[in-house]
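Below is one structure; the comments refer to it alone.
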Amino acid sequence: EDQVTQSPEALRLQEGESSSLNCSYTVSGLRGLFWYRQDPGKGPEFLFTLYSAGEEKEKERLKATLTKKESFLHITAPKPEDSATYLCAVNYGGATNKLIFGTGTLLAVQP
Amino acid sequence: EAQVTQNPRYLITVTGKKLTVTCSQNMNHEYMSWYRQDPGLGLRQIYYSMNVEVTDKGDVPEGYKVSRKEKRNFPLILESPSPNQTSLYFCASRPPGQGGYEQYFGPGTRLTVT
């Protein structure tokens, strides 16, 4: 079954404590993997697109990496304003063009 | 300001009473879509539109209709809402490209059907 799984479901960090969020996928014909950030009461905000294994993207304290089966969102020295739900989505399929979202990781960064 | 707007933001209605949630974008995007977000299920695509007059079903289209008469607007119609359509709905758009999903999402519409 095609699916996207994110772990952990929730993560609590102290300010400055680096960690990683995981997004694993079982789909065939990966076209792209996307990371979004969602703040409470708001729509998701696009962060990164990764297209092939080995690719990396960085933005401020965030770095996204991709392998053939999973992606990691590394958060270096997080600040309280990084607190949000981080969503992963996978676009895949040959003739069909499908998109699946994971259920997200709720990140809380305490000062 | 480039944005996707949705109205209403909150709606409480009763079973069977037709409703429309509007979505508008000011970025001249061809592609627009609707999602619903439910706890433990993530975002699921309802319908999408590649361009004006072209729409197609997503993963959970049952009970919903859409129309795309203009590029900027993509309303979601619930002809006969039921309690299982209680959810948080998001409209999104994206610029043309190579199939990427760098989407811009609206602020969401929280719908409760009693």
Some residue of segment B:23-32 being assigned to a loop (DSSP other than H, G, I, E, B), away from every other protein chain (no Cβ under 14 Å) and in contact with a strand residue (DSSP E or B) (Cβ under 7 Å, 6 or more places away or on another chain): yes
Within segment B:71-114, considering residues that are at pLDDT below 95 and more than 15 Å from the chain's Cα centre (by Cα), the one surrounded by the fewest Cβ atoms within 10 Å (Cβ to Cβ): B:Gln98
Among residues of segment A:53-97, those that are under 28 Å from A:Gln14 (Cβ atoms) and not in a loop (DSSP other than H, G, I, E, B), counted: 23
Positions within segment A:42-68 being without any contact (Cβ under 8 Å) to a residue 12 or more places away in the chain and over 15 Å from A:Leu21 (Cα atoms), in sequence order: A:Lys42, A:Gly43, A:Glu45, A:Glu55, A:Glu60
A:Leu30 being surrounded by 17 or more Cβ atoms within 10 Å (Cβ to Cβ) and modelled with pLDDT of 95 or more: no
Residue in segment B:6-28 that is surrounded by 13 or more Cβ atoms within 10 Å (Cβ to Cβ) and either small (Gly, Ala, Ser) or touching a helix residue (DSSP H, G or I) at 6+ places or on another chain (Cβ under 9 Å) (or both) present: yes
Every residue from segment B:27-70 that is within 11 Å of the chain's Cα centre (by Cα) and of a type in the set (Ser, Thr, Tyr): B:Ser33, B:Tyr35, B:Tyr47, B:Tyr48, B:Ser49, B:Tyr64, B:Ser67
Qualifying residue in segment A:51-63 (condition: within 14 Å of the chain's Cα centre (by Cα), modelled with pLDDT of 95 or more and surrounded by 20 or more Cβ atoms within 10 Å (Cβ to Cβ)): no
B:Tyr35 being closer than 22 Å to B:Thr86 by Cβ, hydroxyl-bearing (Ser, Thr, Tyr) and surrounded by 15 or more Cβ atoms within 10 Å (Cβ to Cβ): yes
Selected residue [surrounded by fewer than 13 Cβ atoms within 10 Å (Cβ to Cβ), under 22 Å from B:Pro107 (Cβ atoms), modelled with pLDDT under 95 and within 14 Å of chain B (Cβ to nearest Cβ)] from A:Gly94, A:Gly41: A:Gly41
Selection from segment B:53-70 of residues that are of a type in the set (Val, Ile, Thr) and surrounded by 15 or more Cβ atoms within 10 Å (Cβ to Cβ): B:Thr55, B:Val60, B:Val66
Matching residues in segment B:53-75 - criterion: being part of a strand (DSSP E or B) and either within 12 Å of another protein chain (Cβ to nearest Cβ) or over 18 Å from B:Gln3 (Cα atoms) (or both): B:Val54, B:Thr55, B:Asp56, B:Lys57, B:Lys65, B:Val66
The one condition in (1) at pLDDT below 90; (2) away from every other protein chain (no Cβ under 14 Å) that B:Met50 fails to fulfil: (2)
Failed condition for A:Leu13, given (1) more than 15 Å from the chain's Cα centre (by Cα); (2) in a loop (DSSP other than H, G, I, E, B): (2)
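The values are calculated or read from the model by the stated rules, or taken from the named source; none is laboratory data. Values in this document were obtained by computation on a predicted structure and should not be read as measured data. Note that each Cβ is placed from the backbone with ideal geometry, even for glycine, and that neighbours are counted across all protein chains shown.
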